[in-house]
Amino acid sequence: MKKLFLFVYFLYISTAILWAQNRTISGVVTSSEDSDGLPGINIMLKGTTTGTTSDASGSFRLSVPNQGGTLLVSSIGFESQEVAIGNQSSLTIKLQTDTKQLSEVVITGYGTQSQKTLTGSIASVSGKSIENIPAPSSDQLLQGRAAGVQVSANSGTPGGGIQVRVRGTTSINGSSDPLYVVDGIPIQSNNLSGIGLGGSTTNPIADINPSDIASIEILKDASATAIYGARAANGVVLITTKRGANKKAKISFGTYQGAQSLWRKPASVDGPTFETLINEAAVNNGQKPVYADPAKAINTNWSDPVFHTGALRNYDLSIAGGSEKVQYLVSVNNFLQEGVVRGSDFKRTSGRVNLDFTPIDKVRIGTSILYSRNDRNLIRSDDNISGALSGAFFLPPNLPVYQADGSYTKFGTFENPVAAVDHNNITMRTNRFLANVYGQVDILPGLNLRSTFSLDYSNAQEDLYDNTFLNNGASRNGFGQSVSTRDNNWIQENVLTYQRTFGDHSINALVGTSVQESVFERTTATGEQFPSNDFTRIISAAVQRGTSEGTSWGIASLFGRVVYDYKSRYLATVNVRRDGSSRFGRANRWGTFPSVAVGWLLSEEDFLKDLSFLNILKVRASYGMTGNQSGITNFQSIGLWGGNLDDLGAISGSSAYVDLPGTAPIQLANQNLKWETTTQTNVGLDLGILKNRVKITADYYIKNTTDLLLAVPVPRTSGFNTLVQNYGSVQNKGFELGINADILKGGDSQPEWNVNFNIATNKNKITKLAAPFTVYNRDIFRYEEGYPMYSFYLHEQTGVDPEKGNPTFTDVNGDGKFDPNVDRKIVGNAIPKFFGGITNTLNFKGFDLMFFFQYSYGNKQLHWNRFFTEHGGTRNTNFLASQLDRWQKPGDQTMVPQLNAANYAGNLRPSRFMEDGSYLRLKNISVGYTLPKALLDKVHLSNVRVFVSGQNVLTFTKYTGLDPEMTGTASTNLTQGIEFFTMPQPKVYMAGINLSF
């Protein structure tokens, strides 16, 4: 120990003597095109191994000899420079773009990498391309902009859930949502709502202000995702927010104001038509007409008082800048979106502070802090037949809104939709604190250690009160519910990174550790029998009930990565992560998730270098494994006993006996439970031609998910019907193509035109399942080995008999007759054959135009509203206009049968309600003008842009429902492609201004 101490002391003294002969310089590396700081630039002292890299703002610090020297400044995508130091202490270095190379720097897990040497499949969306899109959350901004990333709105509910699938759905029982990582923090993205309002869910990603986003990267193949191991089977979405730079302070302000409305209204019939159809059905059933004179019927349009034009407004204010030692960004945001259904809205108020500080040479510390408060006014919708939207469909138009005494008209168990919006009192307030603090030390040239601590804390308070004007409140003399939810996650990570170039060899390696704990708590109180509608708190109720629950899980990880290239021509990447989760049994608590990728830059070979039109030609391949732990609850692997757990859904029926407390077993133990594992193979090609004016990326992948966590039937002698086991597998495979082309690449006063196009396919198939099973309302989805997920299980209707008017169906079992109880089959699924988007961006003399089309082809959409409102007179609710296409006389050619009870029997599930859900939608269009610099200089402004914009402006589709994009049953992962009284997405028009000084 004494010798070791003396050696360290000698090393310290020697280093101090050497440093005493040096001095420290600082500087910033910028792009010659826009003067923005460039991160990840290599700065080496010529003739030595001393060097560093520029940080996120382009700044750097370096110890150099007193007599100066020369800096070698280089990065892939830019022309290298030699800069003489002389006696300067501060340098500004401007790099020219090298048109022979790709200039993009891509954010990867725990680092960055040049697009040129990237071996994984990563799609990037820049903040600039999405900065003027009115979206409450960042995941909506991904729609149609990244190949292989399918984004569907669960509904048009403001701040509502979004379904994101990266290369298909990998899990049956678990979540298939990607892992979201914001500024290095893996965040929680689960729905926090505890009040059941149907299929409506909230979107925690909406807590993040889209205007703060600098870039979004989607990690798709195993080489890119394996660094996140056990939570990366569904892809990873990296969101990087804007930061300060070593520049003069820049103040930016932006606002837009707009309005949103329905692009298509419900096609319900009017009062006279309703009575005519009811009479026709009665006669066809051998009964007398119900209404004497339909022409004199009351005509109430229930949709008009329910839907309205909602307001949309947004305000952003930020200040960013810094010095050599401190860089900062501070921003605030206020956002409001009113739903197209009255009484629904989403408000967000947020603030962000991003800070980077260099207190001494070789040491950097910093933080990213977000506080967001969201207020939602919610309504019952989306897969709910007791809400305002369903009432607008169901209530007959020959009923008035109000009775003679001024009370709301009641109609069976259905809610009067006007009462539903007039007396809606359902609120949700969410406070979220998302923060990290980091410290980084440059130990040696190219070697640094970064340590971070992150916190993701959410608190949601929900309150509901149904007064006596509403059905639910009238039956209970007022009903109230209050739910308080807390979700607290902390993560501590340490990453040691080494980067070095040895002649033709370049290596970038890292090793790291991660520890995370998640704690979830919820308290629920309900009350009924209130003294009056003036009292809405639970304490005022005569009957009160309450319950609380809590759970937690933890995960510990070790990970590493090595990126190697030889002559920037032969590339290799190796990742490995080992995760241990508290959710699994002791026998399989730890899982290892490796990946390997290789790449070959053919364009650097001598036999292709003479091709002047070719800039980049790279082939790559990867193989790896990732995991998913979301298929089970926190204590699924162990045997559990419980008390009165009805409210937790853990046991059906109380375990009390004769009003005495007791416990009972609620699940069997399975210590062999382990991760769902996804193995993925990917081959890809990157091509850049014509000075990289045309860039093409193509990928083909196969994903096999095995050891699915499913409830498998077990003998009844066990006391249970099922036991969660690792049994089952799913396959996804597909092709992706992305093309980015500068059709016109102008300079000063010359037009510019860029086109970005992407298309993707995905084929999903269940390859192993213990037994088929059906889910959802009337078992209309079936999961069966050999078929895709989200398959519709219906009676295949082949037509309507033109002579008799009755529907004809396929005889599935071939016994010569149609039996509704056995002759059902899988007739289609909700997965599109291909999907994608195309964006055009044009600029000329200060004017800019952007228009973006999103499309989906080959997916089936179940118009489940039609099933209930094309009922043939078997119900006394209203009809959709599609009922008018019914068979009426011999010779009629139609798919809608004659109005009678037999043709619309309750056990029929006709496939005519499954429609073609393909669509082409003008998702966004924006026209703007940036004021000339000469004019701005006179008023001391650096930039002013005014614009008008539209969203969901045009939709081309054969689908007859309110929105072909929607899937309104987000409360379960097992359904997709169904509209069931779901709030549609709105058409939006707005105008705004962005300015900075």
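Throughout, read-outs are computed from the coordinates displayed, never taken from laboratory work. On a predicted model such as this, the values are computed, not experimentally measured, just so you know. For neighbour counting, all protein chains shown are included, and Cβ atoms are generated from backbone atoms with ideal geometry for every residue, glycine included.
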(message) Report the gain in length on full extension from Val515 to Lys938: 0.36 nm times residue separation, minus Cα-Cα distance, nm rounded to one decimal.
(response) 146.8 nm
(request) Kindly provide the helix-only [θ] at 222 nm of the chain, computed as the sum of -39,500 (n - 2.57) over DSSP H runs of four or more divided by all residues, to the nearest 500 deg cm²/dmol? (result) -2000 deg cm²/dmol
(request) Just need the relative contact order of the stretch 22-98 here, percent rounded to a whole number, with Cα pairs under 8 Å and 6+ apart. (result) 37 percent
(request) With the cut-off at 12 Å, report for the stretch 875-924 the share of all Cα pairs above it, as a whole percent. (result) 75 percent
(message) Through the Karplus equation 6.51 cos²θ - 1.76 cosθ + 1.60, θ set to phi - 60°, convert the phi angles of the stretch 785-790 into ³J(HN,Hα) values in whole Hz; use x for Gly and Pro.
(response) 4, x, 10, x, 5, 6
(request) Using only alpha carbon pairs under 8 Å that are at least six residues apart, calculate the relative contact order of the chain and give it in whole percent. (result) 11 percent
(message) Need the C-alpha centroid separation for the stretch 221-268 versus the stretch 765-780, integer Å.
(response) 34 Å
(request) Give the Kirkwood hydrodynamic radius (Å, one decimal) of the stretch 827-909, defined as one over the mean of 1/r across all pairs of different Cα atoms. (result) 16.8 Å
(request) Could you pull out the pairs from Lys247/Lys745; Lys618/Lys695; Lys745/Lys938 whose alpha carbons sit more than 21 Å apart here? (result) Lys247/Lys745; Lys745/Lys938
(request) Check the straight Cα-Cα distances from Lys889 and name the lysines below 18 Å, setting aside those fewer than 8 residues away within the same chain. (result) Lys804
(request) For the chain, find the longest principal axis of its Cα atoms and tell me its angle to the long axis of helix 2-20, 0 to 90°, nearest 10. (result) 80 degrees
(message) Quick check on the exposure proxy: order Leu45, Leu608 from fewest to most C-beta atoms within 10 angstrom.
(response) Leu608, Leu45
(request) Mind checking the full-extension length gain between Leu496 and Val353? Use 0.36 nm per residue of separation minus the Cα-Cα distance, one decimal, nm. (result) 48.9 nm
(request) Given the peptides 140-153, 287-300, 521-534, arrange them by the average over their residues of other C-beta atoms within 10 Å, most packed first. (result) 140-153, 521-534, 287-300
(message) Rg and Dmax in Å for the chain, alpha carbons only: what are they?
(response) 31.1, 110
(message) Exceeding 27 Å between C-alpha atoms, which entries from my cross-link table qualify? They are Lys94/Lys362; Lys128/Lys567; Lys825/Lys923; Lys860/Lys923; Lys833/Lys958.
(response) Lys128/Lys567; Lys825/Lys923
(request) Provide the per-residue ³J(HN,Hα) series for the stretch 480-496, in order, calculated from phi with Karplus coefficients 6.51, -1.76, 1.60 and θ = phi - 60°, each as a whole number of Hz, with x at glycine and proline positions. (result) x, 8, 9, 10, 10, 10, 10, 10, 10, 10, 10, 9, 10, 9, 10, 10, 9
(request) Could you go through the stretch 333-341 in sequence order and give the Karplus-derived ³J(HN,Hα) for each residue, using 6.51 cos²θ - 1.76 cosθ + 1.60 with θ = phi - 60°, rounded to whole Hz, and x for Gly and Pro? (result) 8, 9, 9, 9, 9, 8, x, 6, 9
(request) Quick one: Debye curve from the alpha-carbon atoms of the stretch 22-98 only, equal weights, vacuum; give me log10 I(q)/I(0) at q = 0.27 Å⁻¹ to two decimals. (result) -1.38
(request) Show the residues, 5+ positions off or on another chain, whose built amide H is closer than 5 Å to the amide H of Asn424. (result) none
(message) For a protection proxy built on the mean count of beta-carbon atoms within 10 angstrom, sort 170-176, 843-849, 904-910, 757-763 highest first, please.
(response) 170-176, 757-763, 904-910, 843-849
(message) Nearest 10 degrees is fine. How inclined is helix 271-284 to the longest principal axis of the chain, computing both from alpha carbons?
(response) 60 degrees
(request) Using Cα positions and a limit of under 16 Å, work out the aspartates and glutamates in reach of Lys220, with same-chain residues fewer than 8 apart set aside. (result) Asp139, Asp177, Asp686, Asp699, Glu736
(request) Report the residues of the stretch 867-903 in range of a label on Glu803: point 7 Å along Cα→C-beta, backbone N strictly under 14 Å from it. (result) 890-892
(request) Rounding to the nearest 20 debye, state how big the charge dipole of the chain is about its Cα centre with +1 on each Lys and Arg Cβ and -1 on each Asp and Glu Cβ. (result) 2000 debye
